[in-house]
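Everything below concerns the one structure shown next.
The values are calculated or read from the model by the stated rules, or taken from the named source; none is laboratory data. Values in this document were obtained by computation on a predicted structure and should not be read as measured data. So basically every Cβ, Gly included, is an ideal-geometry build from the backbone, and we count neighbours across all protein chains shown. When the accessible area is computed, the model is the full protein with side chains, heavy atoms only, and any ligands, DNA or RNA have been set aside. Shrake-Rupley method; radii C 1.70, N 1.55, O 1.52, S 1.80 Å.
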Amino acid sequence: MLLDKATIRQMMKTKRLQNLETFSSYSSLIHQSVLAHPLIQQSSMIACYVSLKDEVGTHQLINKLLETHRVCVPKVHGNSMDFYEIFSLEDLEVGHFHVLEPNTNLLIDVNNIDIMIVPMLAYDDELYRVGYGKGFYDRYFARGYKGYKLGIAYSFQHIYHIDHDQYDIPLDEIITEKA
């Protein structure tokens, strides 16, 4: 049975709430894999989402990345999203959708991001993802992003197939606590 994206979103939000107690240990395993990734180690500018409580946590990951790399995080402006460099988590404030966003004005050009760590609600075997339904990441990728697209997720977020359209852009790789 093929599920539509709205059904997948609802299903994954419910699953995430049921698994909150395991998030910390799973996030730690995912962080280890991300930090050891050769492309992360070689990158100069890393873009990373700022996590909500039921996503793969990125606050500790961002702190670790900031020790050795330049890091930028997303900020929403209407229907578009841009990335701004931060130097610590102190450079964040509550923004759109109650997500922490950068309060700096150091806009990073799409061509200067080497690797982007991407959030998701679900993913499939072809590396397509279901996000929150606003299309911010796919539109950003369509603006000419040529860097590596690295998704991080919990293994329970995997589903066999996501019905995608011409606007959906697959990731290059997805790291979970298992692989």
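Filtered by the rule that a residue be surrounded by fewer than 21 Cβ atoms within 10 Å (Cβ to Cβ) and either over 11 Å from the mean Cα position of the chain (by Cα) or among the aromatic types (F, W, Y) (or both), the range 53-73 gives K53, D54, H59, Q60, N63, K64, L65, L66, E67, T68, H69, R70. In the range 37-52, the qualifying residues are those that are out of contact with any strand residue (DSSP E or B) (no Cβ under 7 Å at 6 or more places or on another chain) and farther than 13 Å from I152 by Cβ, and the one that is least open to solvent (accessible area, probe 1.4 Å) is L52. I need the full set of residues from the range 113-146 which are in contact with a Lys or Arg (Cβ under 9 Å, 6 or more places away or on another chain), open to solvent by 30 Å² or more (accessible area, probe 1.4 Å) and closer than 21 Å to H37 by Cα, in order please. L127, the sole residue that qualifies.
Among the residues of the range 147-167, which ones are part of a loop (DSSP other than H, G, I, E, B), of a type outside the set (V, I, T) and crowded, with 18+ Cβ neighbours inside 10 Å? Give the derivation first.
The first filter runs over the range 147-167 and keeps only residues part of a loop (DSSP other than H, G, I, E, B), leaving 147, 153-154, 159-167.
If we keep only those that are of a type outside the set (V, I, T) as well, we get 147, 153-154, 160-161, 163-167.
Scanning the range 147-167 gives G147, A153, Y154.
Residue count for the range 55-97, restricted to those that are under 23 Å from D138 (Cβ atoms) and free of Cβ contacts under 8 Å to residues at least 12 places away in the same chain: 2.
Let's see how each residue does on (1) modelled with pLDDT under 90; (2) within 24 Å of F97 (Cα to Cα):
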| residue | (1), (2) |
| --- | --- |
| V110 | no, yes |
| M116 | no, yes |
| M120 | yes, yes |
| R129 | yes, yes |
| G133 | yes, yes |
| G144 | yes, no |
| K149 | no, yes |
| A153 | no, yes |
| I162 | yes, no |
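K15 meets the conditions (1) modelled with pLDDT under 85; (2) closer than 14 Å to I175 by Cβ; (3) assigned to a helix (DSSP H, G or I) in every case but one. The failed one is (2). No other residue among V34, V50 is part of a loop (DSSP other than H, G, I, E, B) and modelled with pLDDT of 60 or more apart from V50.
Name the single residue that is surrounded by the most Cβ atoms within 10 Å (Cβ to Cβ) among those in the range 74-112 being assigned to a loop (DSSP other than H, G, I, E, B) and not small (G, A, S). Steps first, please.
Looking only at the range 74-112, we keep the residues that are assigned to a loop (DSSP other than H, G, I, E, B), and these are 78-79, 87-88, 95, 99, 103-106, 109.
Adding the requirement that they be not small (G, A, S) leaves 79, 87, 99, 103-106, 109.
Values: N79: 9, F87: 12, V99: 19, N103: 14, T104: 15, N105: 8, L106: 13, D109: 10.
Among those residues, the one meeting the criterion is V99.
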